[in-house]
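Below is one structure, written out as structure tokens; comments come after it.
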Amino acid sequence: MELPCGVSKSTYAQDMAVIHTRTQWGLLGILFAFLCVLPFFLNSLWLGIVIHTSIVLIAVLGLHILTGLCGQISLGQAAFLGVGAYASTLLCAKLNFPLPISIIGAAIFSGCFGIIFGLPALRVKGFYLAMSTLAAQFIIIYLFIHVRFAGGSQGLFVPIPQFLESKINLYFIIMGTAVLATAFAKNISRTKAGRIFVAIRDNDLAAEVIGIRLSYYKLLAFFICSLYAGIAGALYSLYIGHINYEHFSLMDSIWYLGMLVVGGLGSTSGAVFGVIFISLLSKGTSLLAAQMPILGPQVASTIGIIVFGLILVLFLIFEPRGLSHRWEIFKKFYRIWPFSY
Amino acid sequence: MNEMAENNAILKVENLELSFGGVQALKGVCLDVKQHELLAIIGPNGAGKTSFMNCVNAFYHPQEGRVFFEGRDITNLRPDQISRLGVSRTFQNIQLFVGLSVVDNLMAARHFKMNYNWLEGAFYFGRARRAEVENRRIVEDIIDLLELEPVRKQVVETIPYGLRKRVDLARALVQDPKLLLLDEPMAGMNAEEKEDMARFIIDVYELWGISAVLVEHDMSVVMDIADRIAVLDFGREIAVGTPEEIKGNPKVIEAYLGKAAE
Ligand SMILES: Nc1ncnc2c1ncn2[C@@H]1O[C@H](COP(=O)(O)OP(=O)(O)O)[C@@H](O)[C@H]1O
Ligand SMILES: [Mg+2]
């Protein structure tokens, strides 16, 4: 990591901080202020898009820890959102738990589910692991349809507390969670667990030789990933008010992976960039296409996916390290500008 | 601290047999390393030197034989358990975490000295923060010792081979090992780099009073720094002794000259 000019460190604690300069604190303050006033300037369509994007961000941050850091590919993240959504709805509706407890309970439940479906990772890697998580995606969806209490293919209505019927309040809860989730993901990636995950990703044999218990940490990565998914799913259920199995499809799992790739695998800011970039782009093109009647309704409804596929391919060819790498280059340039020595 | 440990060998290997299909990599190797001793293992390529180390840290499982570390049978432990007991190693073909910076490679290796869980890490508060800073200090000491300051923040992928070899050594050292296994730490280096590396190894060995097993081809280095030398040839141990004894040993001369004459 390079530092801005003129910053020198006197202690390791300072050197290890994420934020170094007053300017950086200032920018962070402006960002928070922006997020606080944002909902009052958006119409309900765009407010919905922002809320949905924040939920997706939480899901993708979880995937960032499992796939980006620990190198274990998962094609089932959407299904774990479903686990969180169903679990929190059932805890709330059937057992009358207060909402916060339901959400936390759902997250932990989803995390434990993640451990079960992470077990194949102790034996297989790469392509085979991807296949086994794909199986997880289908098995979990099957459970949603067939398990008693889960409402079959009709799904469930989500009891929504009065407080959250206002979209603005919902925005603050969800955006707040997304911001915390980002901070936690960043902290995990720069402390013990994060380094161990990357060690396993880069060289699992050497990781074992330096004393890392591979099985424990691989399952921990699955747990954290599904914990994030569980929270995202629980929030999602509050956002849409009615859940069924179709909301947690394989296609969504693939979107999440694609966002991670476009943002840059292995970097927290990459996950954030990827989610914002892809979400806005796909929503933007869909809205635009809807304005253009020549394209017809069929194209308009699928243009988001087409653009997504195109962007993904372009990134894989031209910038496999993702947006975060571009951002690093830009920051380096800005720091030494205008003196490029 | 206790008499037993003082007198006994820190590492004792009995009758190791290891084969891969038809290839017998180790044939009944018995070796021990005493407390604060630097044992060098020499022998032509394919003699089984790396296999020997791999058996000690359970990277390979020998078909027969036992490995004792500080009097404890470690033959059936996993590599991660052995590393926690105080056995660290470097690799002949460097095995670093290429996506992490030099500092993070070393911090990763100190994971079992950091007594906090992932959730505390997520908050980066209290115990976690203290452990991070404290361990960073220790890591920086090793970085100073091995003169890695200029590249400390660089991703390992981007640094040259000679420095990577040094990071590999640093990663073993930050674990505070009691026994260090060094597999050709100077392979592929130029004379100057070799000299630096030899100096680092001697420094550590003398300052810290640890024990080490060194595999190295460069005879002048080995003769200089080893307390004892073991010679392997085709998986068999053909001689053990002080550098002087090895120099004059006819079997050794034959193995080496025979090799050269082919
Ligand atoms: N993983 C392995 N699979 C098959 N054969 C191996 C393996 N590791 C080592 N060997 C064989 O064991 C013998 C000893 O190898 P090694 O211990 O690497 O020798 P050295 O380090 O002394 O050069 C060689 O014949 C080598 O081909
Ligand atoms: Mg070797």
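Using a 10 Å cut-off on Cβ to Cβ distances, tally the other chain neighbours for every residue of B:146-157 and report the average as a whole number. Can you show the working numbers first?
Working: counts 0, 0, 0, 0, 0, 0, 0, 4, 2, 1, 1, 1.
Shielding by partners across B:146-157 averages 1.
Just for the Cα atoms in chain B, what are the lengths along the principal axes, largest first, rounded to whole Å?
62, 40, 40
If you take the beta carbon distance between B:Glu192 and A:Arg326 as r and set R0 to 45 Å, what does 1/(1 + (r/R0)^6) give as a FRET efficiency, to the nearest 0.05? Mind showing how you got there, number by number?
On the way: r = 39 Å, r/R0 = 0.86.
Here the calculated transfer efficiency is 0.70.
Any idea how far apart B:Phe234 and A:Phe40 come out in nm if each label point goes 7 Å out from Cα toward Cβ?
So the label points at B:Phe234 and A:Phe40 sit 8.7 nm apart.
Which semi-axes, in whole Å and largest first, does the equivalent ellipsoid of segment B:71-194 have when worked out from the alpha carbon gyration tensor as the square roots of 5 times its eigenvalues?
Equivalent ellipsoid semi-axes, largest first: 25, 21, 12 Å.
What net charge do the residues around B:Gly241 carry, taking every other residue with its C-beta under 14 Å from that of B:Gly241, with Lys and Arg at +1 and Asp and Glu at -1?
-2
What distance in nm separates the simple spin-label points at B:Asn93 and A:Ile49, each placed 7 Å from Cα in the Cβ direction?
Going from the B:Asn93 label point to the A:Ile49 one covers 5.1 nm.
Express the C-alpha Rg of segment A:119-252 as a ratio against the empirical globular expectation 2.2 N^0.38 Å, rounded to two decimals.
Normalised Rg, Cα atoms only: 1.29.
Using the Karplus equation 6.51 cos²θ - 1.76 cosθ + 1.60 (θ = phi - 60°), what ³J(HN,Hα) coupling, rounded to whole Hz, does each residue of segment B:96-107 give in order, writing x for Gly and Pro?
9, 9, 5, x, 9, 6, 4, 4, 5, 4, 6, 4
Only Cα pairs within less than 10 Å get springs; with that Gaussian network setup on chain A, which residue of A:Ala290, A:Ala87, A:Ala130 has the largest fluctuation?
Most flexible of the set in this elastic network: A:Ala290.
Counting partner chain Cβ atoms within 10 Å of every residue's Cβ in B:117-128, what's the average?
If you average over the peptide's residues, the count of other-chain Cβ atoms is 6.
Any idea what the alpha-carbon Rg over 2.2 N^0.38 Å comes to for the protein assembly as shown?
1.13
Would you mind counting up the charge near B:Ser88? Only other residues with Cβ under 14 Å from its Cβ, with Lys and Arg at +1 and Asp and Glu at -1.
+1
Which of the peptides A:257-265, A:29-37, B:54-62 is most tightly packed, and how do the rest follow, judged by the mean count of other Cβ atoms within 10 Å per residue?
Packing proxy ranking, top to bottom: A:257-265, B:54-62, A:29-37.
Summing -39500 (n - 2.57) over the DSSP H runs of n ≥ 4 in chain A and dividing by its residue number, what mean residue ellipticity at 222 nm do you reach, to the nearest 500 deg cm²/dmol?
Values: 14 runs with 242 residues, N = 341.
The helix contribution divided over chain A gives -24000 deg cm²/dmol.
Which value in deg cm²/dmol, rounded to the nearest 500, describes the helix-derived mean residue ellipticity at 222 nm for chain B, given -39,500 (n - 2.57) per DSSP H run of n ≥ 4 and division by the residue count?
Working: 11 runs with 108 residues, N = 262.
After summing the helix terms and dividing by the residues of chain B, the value is -12000 deg cm²/dmol.
Roughly speaking, what is the centre-to-centre gap between segment A:112-175 and segment A:304-327 when only Cα atoms are used, to the nearest Å?
27
Give me the number: length gained by fully extending A:Phe157 to A:Ala13, i.e. 0.36 nm times residue separation minus the C-alpha to C-alpha distance, one decimal in nm.
Contour length minus the Cα-Cα distance gives 47.0 nm.
So how far, in whole Å, is the C-alpha centre of segment A:198-225 from the one of segment A:71-97?
Comparing the Cα centres of segment A:198-225 and segment A:71-97, I get a distance of 25 Å.
Give me the orientation-averaged projected area of the Cα convex hull of segment B:31-108, in nm², one decimal.
Quarter of the Cα hull surface area: 6.6 nm².
Can you tell me, using C-alpha contacts under 8 Å and at least 6 residues apart, the relative contact order of chain A as a whole percent?
Reported relative contact order: 28 percent.
If Lys and Arg each add +1 and Asp and Glu each add -1, what is the summed charge of the other residues whose beta carbon sits under 11 Å from the beta carbon of B:Glu14?
Result for the local shell: -2.
Percent of Cα-Cα pairs per 20 Å bin, from 0 to the last occupied bin, for chain A, please list those.
Histogram of Cα-Cα distances, whole percents per bin: 29, 58, 13, 0.
For B:Ile10, enumerate residues with amide H under 5 Å from its amide H, sequence gap 5+ or separate chain, H modeled in the peptide plane.
B:Val33, B:Lys34, B:Gln35
Hey, quick one: spin label on A:Arg335, modelled 7 Å out along Cα-Cβ, who in segment B:151-167 has an amide N within reach, i.e. under 12 Å?
Flagged as within label range: B:153-154.
Could you give the size of the charge dipole of chain B about its Cα centre, using +1 on the Cβ of each K and R and -1 on the Cβ of each D and E, expressed in debye and rounded to the nearest 20? Kindly include the intermediate steps, with their values, before the conclusion.
Values: 30 positive and 40 negative charges, 175 e Å.
In total the dipole reaches around 840 debye.
Between B:Glu206 and A:Val299, what's the calculated FRET efficiency when r is the beta-carbon distance and R0 is 45 Å? Round to 0.05. Spell out each step's value before the answer.
Numbers: r = 75 Å, r/R0 = 1.67.
It comes out at approximately 0.05.
Among rounded, prolate and oblate, which fits segment A:23-165 when a ≥ b ≥ c are the square roots of the eigenvalues of its C-alpha gyration tensor, a/c under 1.5 means rounded, and a/b larger than b/c means prolate?
oblate
Please list, in chain and number order, the residues 5+ apart from A:Val158 or on another chain whose amide H is under 5 Å from its amide H, with Hs placed from the backbone.
A:His242, A:Ile243
Report, by chain and number, residues whose modeled amide H sits under 5 Å from the one on A:Phe97, excluding near sequence neighbours (fewer than 5 apart, same chain).
Counting only residues 5 or more places away or on other chains, the set is A:Cys92.
Only the coordinates and a few stated rules stand behind these numbers; no lab work does. Treat the numbers as computed from the prediction; the structure is a model and nothing was measured. Because the Cβ atoms are built from the backbone with ideal geometry, glycine has one as well, and the counts that use them run over all protein chains shown.
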